[in-house]
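For reference, the structure is listed below as structure tokens.
The values are calculated or read from the model by the stated rules, or taken from the named source; none is laboratory data. Values in this document were obtained by computation on a predicted structure and should not be read as measured data. Here the Cβ positions follow ideal geometry from the backbone for every residue, glycine too, while neighbour counts run over all protein chains shown. Just so you know, the surface numbers come from the protein's heavy atoms only, side chains and all, with ligands and any DNA or RNA stripped out. Shrake-Rupley method; radii C 1.70, N 1.55, O 1.52, S 1.80 Å.
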Amino acid sequence: MSLNKEVVELNGIINRLLDNLSLSITSQTGREGVEFRHQIGNIRSNYNSMISGGTFPTELLSCFQTALIANVKLAGLFVVHQGLFQEVPVGKISAAIVQMGILFCLSTESRIIITMNFDSRDDVELMMNQMRDVFDIARLLAADLSDTTSYQRLTVLAGNLISHLSDVSRPLPRMVTFTLAASFPSLTLSQRIYYTADRADEIVAENKIIHPAFCKREIRGLSG
Amino acid sequence: MSQIADIKNPWRNILLGEQASFRGVIFHVESGGRSSGRRTVVHEYPKRNDPYVEDMGRVARRFQFSGYLVYRPSNPIYEYTSQRKQLYEALEDDDIATLVHPVFAPGGMQAMCERFSMVESRERGGYTQFEMQFVESGKAVSALGSSTNTKDNVKISADKAEETGKGLMPDDAED
């Protein structure tokens with residue numbers, strides 16, 4: 001059986017995957033976080049029997065699903081897929097687990113992204129570019145493995161995600177640069193740009209202004 | 001005696017492949033055209049050289065045809081006078097219908113006739129010319145949102161990706 005031949009390789013790949021996955025969760029995540037850590041520990045100690053029993057894919061997927069419920073951060077999952085992209089599996093089972101991990105991770109990331117709220121088109125475009133690059137690499141890896149089904153699934157998922165992000169970006173304002181003749185307090189700027197003083201804090205936060213009474217002459221802000 | 005239609009080449013094959021029609025009523029085409037483009041708003045700022053052109057989406061596709069119907073004794077395709085009546089009724093009828101043209105609407109597309117004119121002259125007896133303008137029908141969607149739920153599309157494709165992932169394990173991995 002090839003499982004015995006791949007013991008060392010599998011041990012490395014699975015432990016690295018689980019290490020990155022456990023780093024994706026913050027300490028304040030409540031009961032779901034506890035469940036998530038419990039599942040990681042369970043896979044770590046029983047992956048051999050799970051693989052031979054055929055339950056490993058379901059257990060790993062369940063782990064990612066719990067991660068989603070436990071509100072893991074997208075940046076944490078970026079570390080997980082980056083780790084998987086760097087793996088160079090030799091054995092058949094190892095290659096399948098890496099590919100499986102990529103599919104689970106990217107689908108979880110996509111599910112997180114569709115719940116996110118964006119403030120400007122620039123934020124959405126940044127996310128689109130990031131995800132396009134990630135999916136390009138994932139599809140390339142699937143193509144290298146001659147795994148046509150995974151390739152197709154990733155292509156469709158990437159297409160739907162980009163389509164969703166384009167849809168989200170359409171009604172959002174753009175980030176633009178305002179150049180002013182003199183330095184003004186943030187309240188004055190907010191009134192001049194948006195005809196309301198309510199958005200002074202937004203200007204301060206976006207431009208990292210040290211004192212709100214003295215803003216820079218060139219500031220970035222939303223177009224509307 | 002051979003005819004010009006017997007000379008085969010790709011563009012002629014396409015042109016002869018389908019009969020132009022609207023709402024199932026056929027007509028001959030003298031000339032046809034298609035127009036479209038992008039809807040833009042040009043922002044020009046005082047004291048600045050560079051404008052900013054904002055893309056507001058595609059212009060609706062419009063098709064213009066100079067068509068005609070002609071009388072021929074024992075015409076196997078249509079009877080001239082009744083066909084003429086059928087054509088202007090089809091062009092005036094309610095709602096969208098299928099427009100077929102081998103080049104501009106191959107296989108048919110849903111369109112609406114915006115306007116047409118029917119011209120008959122003394123010099124050309126048994127010949128009626130139709131100037132027709134069609135516009136693509138598109139879909140009835142809200143101006144602010146998309147009719148498709150893009151979130152659901154992502155969820156469905158994520159489900160499928162996960163299902164594929166679950167089936168990746170090689171058979172000999174299990175005891």
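Points to keep in mind about this one:
- For the stretch A:1-155, the Kirkwood estimate of the hydrodynamic radius, built from every pair of different alpha carbons, is 16.2 Å.
- Efficiency of FRET between residue A:170 and residue A:85 - r from beta-carbon atoms, R0 30 angstrom, step 0.05: 0.45
- Convex hull volume per residue for the stretch A:73-224, taking Cα atoms only, in Å³: 120
- Stokes-Einstein D in µm²/s, Kirkwood radius over Cα pairs - the stretch A:136-224 at 37 °C with 0.692 mPa s viscosity: 204
- For residues of A:141-154, the mean tally of beta carbons on other chains within 10 Å: 2
- Average projected area [Cα convex hull, the protein assembly as shown], square nanometres: 34.0
- Two-site label geometry, residue B:4 and residue B:54: point separation in nm, points 7 Å out along Cα→Cβ: 5.0
- Accessible area per residue, Å², chain B with all protein chains present, probe 1.4 Å: 66
- Taking chain B as a Gaussian network of alpha-carbon nodes connected by springs under 10 Å, the highest mean-square fluctuation of the residues B:101, B:28, B:43 belongs to B:43.
- Debye log10 I(q)/I(0) for the stretch B:28-105, one point scatterer per Cα, at q = 0.14, 0.15 Å⁻¹: -0.68, -0.74
- Summed buried accessible surface, chains A and B, 1.4 Å probe, nearest 100 Å²: 2600
- At 0.692 mPa s and 37 °C, Stokes D of the stretch B:4-139 from Kirkwood alpha-carbon radius, µm² per second: 191
- The residues neighbouring residue A:154, those whose beta-carbon lies less than 14 Å from its own, together hold a net charge of -4 under the Lys/Arg +1, Asp/Glu -1 convention.
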